[in-house]
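Structure, as structure tokens:
Read-outs throughout are calculated quantities, based only on the coordinates presented, and are distinct from any laboratory measurement. Being a predicted model, the structure only gives us computed values, none of them experimental. Note that we place each Cβ from the backbone using ideal geometry, even for glycine, and neighbour counts take in every protein chain shown.
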Amino acid sequence: MNNHKYNLKTDIDRKIYTEEEIQARVKRLAGEVDSYLEDKMSRQEIWKRPPIAVCILRGASVFMADLTRYMKVPIEYDFMSVSTYGDATEPGEVRVIKDLDRSINGRVVIVVEDIVDTGETLHHLLKGFEARNPREVKISALLDKSSRRKKNIDIDFKGFDLEEDLFLVGYGMDYAGKYRNLPFIGTLKKELTEQ
Ligand code: PRP
């Protein structure tokens, strides 16, 4: 019964982070976020107004699910969807497709991203958050691709530093909408991205 037609793994050229490496790192990261929140907020505060994890759709969805499930501190979920226009229109223009459902006024917010690349997306989002008077906004990103950074972003809870300028898929990241459901992160075979 294991005779499936599809095997996304065969499209991968190089594995960059294995499933085991990712899970181990995300688990430790969850511990770091828990410790931070427990230091920052009293037990009563956490119960009354829990921190909010804001997932930036769609790439961060897998990381969000794992990170928050490894956490022990109660945390609410919210989701935002943005679209970035690189060179097609104004460089770095970011449009909000889906905004937060609830107010973040007075709340501790943990923004959850899969990757920070140019930093344009987070730069824009953080500016928007400031006006909503959160108690504090912290950033957790699985990958920091600093070689392409245009805007300065402080990542508070970081998974991995990606030194090389690689196009990655898996663990939430896509190529043409696919490969998000791979449990590891890798690069695609060259022939698949050359059209
Ligand atoms: C990716 C990623 C970040 C953003 C980072 O999203 O999830 O949100 O790009 O890039 P930046 O630092 O250069 O702004 P993408 O636009 O690929 O959408 P997706 O999450 O729906 O795949």
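Over all projection directions, the Cα-based convex hull of the chain averages an area of 12.8 nm². Over 18 Å apart at the Cα level, from the set Lys40/Lys72; Lys98/Lys150; Lys150/Lys190; Lys27/Lys189, are Lys98/Lys150; Lys150/Lys190; Lys27/Lys189.
Using the Cβ of Val33 as centre and a radius below 9 Å, the other residues enclosed give a net charge of -2, where K and R count +1 and D and E count -1.
The long axis of helix 19-40 is offset from the longest Cα principal axis of the chain by roughly 10 degrees.
Report note on the peptides 97-109, 179-191: ranked by the mean count of other C-beta atoms within 10 Å, highest first, their order is 179-191, 97-109. For the stretch 170-187, the residues whose amide N sits under 11 Å from a probe point set 7 Å from the Cα of Tyr6 along the beta carbon direction are 178-182. Amide hydrogen proximity for Ile16: with H placed 1.01 Å from N in the peptide plane, the residues at 5 or more positions away or on another chain lying under 5 Å are Ile185, Gly186, Thr187. Only one residue of Gly106, Ala131, Tyr36 has its Cα farthest out toward the positive end of the dipole of the stretch 19-163, where Lys and Arg carry +1 and Asp and Glu -1 on Cβ, and that residue is Gly106. Here the chain is assigned +1 on the Cβ of each Lys and Arg and -1 on the Cβ of each Asp and Glu. Its dipole about the Cα centre then comes out at about 540 debye. Distant-in-sequence amide contacts of Phe160, defined by a placed amide H-H separation under 5 Å and a gap of 5 or more residues or a different chain, comprise Leu143, Asp144. In this simple spin-label approximation, His123 and Arg69 carry label points 7 Å from Cα along the Cα→Cβ vector, and these lie 3.5 nm apart. Extending 7 Å from the Cα toward the beta-carbon at both Asp174 and Arg28 defines two label points whose distance is 3.1 nm. Each DSSP beta bridge with both residues in the stretch 64-195 is either parallel or antiparallel, and the antiparallel ones are about 45%. The length gained on full extension between Lys40 and Tyr77, counted as 0.36 nm times the residue separation minus their Cα-Cα distance, comes to 11.4 nm. Per residue, the chain reaches -8000 deg cm²/dmol at 222 nm when only DSSP H runs of four or more residues are counted, each adding -39500 (n - 2.57).
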